[in-house]
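To keep things clear, I will list the structure first and then write my remarks on it.
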Amino acid sequence: MTPTKSVLFPEIGDFLKSLRPESIPTDRREILNALAAYIQSKVTARQAIRLNFICTHNSRRSHLSQVWAQTLAQYFGLAKVISYSGGTEETALFPKVADTLHSQGFNVLKLSEGANPVYAIKYAENEPPIIGFSKKMDHPFNPASEFAAIMTCDSANEACPFVPGAEKRFPITFEDPKTFDHTPEQSRKYLERSIQIATELWYVFSQINP
């Protein structure tokens with residue numbers, strides 16, 4: 001049976017068609033291929049695929065990665081993928097991340113206020129929203145075992161050579177857009193990072209034979 005692909009919001013679908021995965025450098029592809037091989041092994045075994053994207057503060061890159069991974073998994077018809085995110089610390093999902101995703105076509109709803117607000121992020125009308133808030137990687141919201149830990153920042157990668165419960169650990173790090181906070185370059189740099197993450201995860205999921 002051919003997997004059913006989700007019908008994404010039109011703006012997201014148009015954006016994905018504009019991606020240029022062929023621009024990914026060869027050395028970077030080798031890193032991404034390791035994650036693709038893990039996902040393929042789970043698909044072949046008909047097992048659930050749990051991806052936990054980990055960064056220090058769980059505020060920027062890990063959330064962008066979680067959202068794009070879940071979106072692209074559904075886009076490619078991989079229904080057993082569930083994406084998570086966490087940090088070595090708990091802070092808050094940075095508002096510019098929510099703004100950037102909204103600008104790319106996601107329906108973003110802020111569900112709560114406070115120091116660590118909760119967001120619902122939808123990529124398709126008939127799919128459940130991704131729940132975004134900052135949490136430590138071992139938070140009860142996240143899986144305790146049988147998951148892949150994807151380290152999205154250098155500091156978390158160095159601080160966590162071992163992630164409890166993880167079957168595999170993948171260092172796929174990205175430059176921090178936080179460097180450009182409160183500068184004229186902020187919006188452009190957050191969008192640039194979101195595009196990079198989407199492009200690289202598109203490449204990963206495009207390798208999978210369902």
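When T71 is tested against (1) open to solvent by less than 40 Å² (accessible area, probe 1.4 Å); (2) more than 15 Å from the chain's Cα centre (by Cα), just one condition goes unmet, and that condition is (2).
Contact map, region 45-72: first residue on the phi > 0 side of the Ramachandran plot, second residue small (G, A, S), Cβ cut-off under 7 Å, separation 6 or more or different chains; pairs are N58/S85; N58/G86; N58/G87; N58/S134. Of the residues making up region 194-208, those that are open to solvent by 20 Å² or more (accessible area, probe 1.4 Å) and in contact with a Pro (Cβ under 8 Å, 6 or more places away or on another chain) are W202, Y203, S206.
Quick grid of which residues meet (1) under 17 Å from Q74 (Cβ atoms); (2) under 13 Å from the mean Cα position of the chain (by Cα); (3) modelled with pLDDT of 95 or more; (4) among the hydroxyl-bearing types (S, T, Y):
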{"residue": "L101", "(1), (2), (3), (4)": "yes, yes, yes, no"}
{"residue": "L111", "(1), (2), (3), (4)": "no, no, yes, no"}
{"residue": "P140", "(1), (2), (3), (4)": "no, no, yes, no"}
{"residue": "S145", "(1), (2), (3), (4)": "no, no, yes, yes"}
{"residue": "C160", "(1), (2), (3), (4)": "no, no, no, no"}
{"residue": "E167", "(1), (2), (3), (4)": "no, no, yes, no"}
{"residue": "F180", "(1), (2), (3), (4)": "no, no, yes, no"}
{"residue": "R188", "(1), (2), (3), (4)": "no, no, yes, no"}
{"residue": "I195", "(1), (2), (3), (4)": "no, yes, yes, no"}
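Taken together, the criteria place E175 among residues that are part of a loop (DSSP other than H, G, I, E, B), among the charged types (D, E, K, R) and over 22 Å from P117 (Cα atoms).
You will find that of F180, F147, F94, the residue that is under 26 Å from Q207 (Cα atoms) and of a type in the set (F, W, Y) is F147 and no other. Reported count of residues in region 95-135, each being open to solvent by 20 Å² or more (accessible area, probe 1.4 Å), touching a helix residue (DSSP H, G or I) at 6+ places or on another chain (Cβ under 6 Å) and aliphatic (A, V, I, L, M), is 1.
The values are calculated or read from the model by the stated rules, or taken from the named source; none is laboratory data. Predicted, not measured: the structure shown is a model, and the values here were computed from it. All Cβ positions, even for glycine, are placed from backbone atoms using ideal geometry, and neighbour counts span all protein chains on display. Ligands, DNA and RNA are stripped out before the accessible areas are found, and what is left, the full protein with its side chains, is counted by its heavy atoms. Shrake-Rupley method; radii C 1.70, N 1.55, O 1.52, S 1.80 Å.
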